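Bear in mind that the values in this text are calculations on the coordinates, not laboratory data. Small disclaimer: the values here were computed from a predicted structure and weren't measured. Glycine gets a Cβ as well: all are built from the backbone with ideal geometry, and neighbour counts include every protein chain shown.
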Amino acid sequence: MSHPCAIANCQRSSRALCHCCQQNICRDHLIEHDDLLNGRLNPIADEINQLNDRLNHINLKDVLADTHEQLENWRRESYRAIDEFIN
């Protein structure tokens with residue numbers, strides 16, 4: 001048995017079930033629904049791709065060297081503060 005289209009005021013029978021929102025919709029509204037969802041998903045996909053590009057271009061040796069330098073500076077500063085407190 002066919003379900004009615006979930007879009008308000010549409011009298012057509014549904015032809016598809018949207019796996020995203022679980023609504024039964026007719027073919028015409030499926031196209032509109034698909035366009036709407038793609039309009040929302042494409043910018044997210046673009047951001048994911050940009051993030052992936054950034055992650056692929058990270059030089060791990062540089063990151064580790066910078067982190068090691070920061071840690072070494074913190075260690076020296078901590079020892080200096082301890083020495084000042086003790087003396």
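List of remarks:
- Of the listed requirements (1) on the phi > 0 side of the Ramachandran plot; (2) part of a helix (DSSP H, G or I), Asn38 misses just one: (1).
- Those residues of the range 32-68 which are surrounded by 10 or more Cβ atoms within 10 Å (Cβ to Cβ) and over 28 Å from Cys21 (Cα atoms), in sequence order: Val63, Leu64, Ala65, Asp66, Thr67, His68
- Looking across the range 9-31, just one residue is exposed (fewer than 13 other Cβ atoms within 10 Å of the Cβ), in contact with a strand residue (DSSP E or B) (Cβ under 9 Å, 6 or more places away or on another chain) and not charged (D, E, K, R), and that is Gln11.
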